[in-house]
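Take a look at the structure below.
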Amino acid sequence: MTTGPAAGAAEPLYPLGLRVAGRAVVVVGGGPVAARRALGLLAAGAHVTVVAPFACEDVVERAAAHELVWVRRDYLAGDLDGAWLVHTATGDPVVDALVAADAELDRIFCVTAGDAEVGSAWVPAVARTTLEDGAQVTVAVSAGRDPRRAQRVRDAVAAQLDAGVLPVRRVRPTAAEGRTTPGRVALVGGGPGDTGLVTARGRALVAQADVVVVDRLGPRGLLDDLADDVVVVDVGKTSGHHPVPQHEINAILVEHALAGRQVVRLKGGDPYVFGRGGEEAEACREHGIEVEVVPGVTSAVSVPAAAGIPVTHRGLSRGFTVLTGHEDIGRVPAAPDHTVVLLMGVSRLAESAAALVEAGRSPETPVAVVEDGYGPRQRTTVGTLSTIAEVAAAAGVRPPAVTVVGEVVRLSPAWVEAG
């Protein structure tokens, strides 16, 4: 990535990558800058010779380990013989200019650390990101002889790569295409549906996926950025309507992974909080498929928070229980300082309220039903255990919704407004 030549520069840059593995490279100078260049070249597999009367510890240690050759003297004509590339960073402009002139005569590209205009090559600010398929994306930024600006641009781009904001999914087939070894499955918790609440890891995996198997309540905004050839399988469920049963979802994940594809199971909330992520992980592992679980922000906590309700609060609640509205909630502690959070409980709201009262809760216990948390129709309806079913029915409350029972509901703006 090149942001443009330096102001007044006579020639623009022609960016390219160099394969220096197994090739001779000379570094002139032994200070910290020269050492960084030498170590970088070693990491790229080059045969490095350092020419300097004195050298910093990194160079001395690598020379003692026979990882590079240290010629312990000043630079002399002929030191560049056989080299493919030279870096000079002596700190002496006269020596650096001499090295650059010799390199020009020998048709060797030369990087000069002291004065970039003297050399014939430049070292950009570089960041490397390894993707899920093992490929490496290299970001190289040149910013017109302003290394700090180049570093800032590089870091910003690298952060977007790591976060999955940029398109990094493989496009060109590799030699491994058609392989029989399994791909991978990632169970990604998408949070309550807002794309801003997805973890950076989850977003990065979605960006690299070949197949995305998505729930109805997953953050579907992430799908808008996918390439046209990414397979999106919608397995969304609504209350009482499960068009794709769980065993078929498991089979979909296994089938695509066994075909060598990178699969993301994109869920709402957290995969392991009433998300059947454990069942899906078990099905994949039974077929030898590697599974990664990426936690998500569970709606049991985040949706109440969106309505201004903390599930715990000093003096009001010392703990909380999360259940689905389809379960027997009579076993929940009846203590007034214990919050109850019900997921998927709109259709059985009357039964749940009655069960809590029968188990010892006061009929006057505050209740809030938060619809479509973080969504465009977010709304909070409040009442008490004795009234909430009637109030919710009159208001036309519908899924998805999270119900909160306990004294913490009094902290919500909706309760305050209701008087």
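Just a few scattered comments:
- Within the listed set Ala65, Ala354, Ala89, the Gaussian network model of the chain (springs between alpha-carbon atoms below 10 Å) gives the highest mean-square fluctuation for Ala65.
- The chain - share of DSSP beta bridges that are antiparallel (%, nearest 5): 35
- If you take all other residues with their beta carbon under 14 Å from the beta carbon of Arg410, and give Lys and Arg +1 and Asp and Glu -1, the sum is -3.
- Amide proton proximity set for Ala46, modelled H, under 5 Å, gap of 5+: Gly22
- In range of the label at Leu16: residues from the stretch 105-139 whose backbone nitrogen is under 12 Å from the point 7 Å along Cα→Cβ: 109
- Rounded, prolate or oblate (a/c below 1.5 giving rounded, otherwise prolate when a/b exceeds b/c) for the stretch 178-227 by Cα gyration tensor: prolate
- Three-way shape label, the stretch 184-297, alpha-carbon gyration tensor, a/c 1.5: rounded
- Helical segments meeting 27 Å axial Cα length and Kyte-Doolittle 0.0 threshold in the chain (DSSP H): none
Laboratory data are not the source of any read-out in this text; all were calculated from the coordinates shown. Everything numeric here is computed off the predicted structure, so don't read it as measured data. Ideal geometry is used to build each Cβ from the backbone, glycine not excepted, and the neighbour counts take in all protein chains shown.
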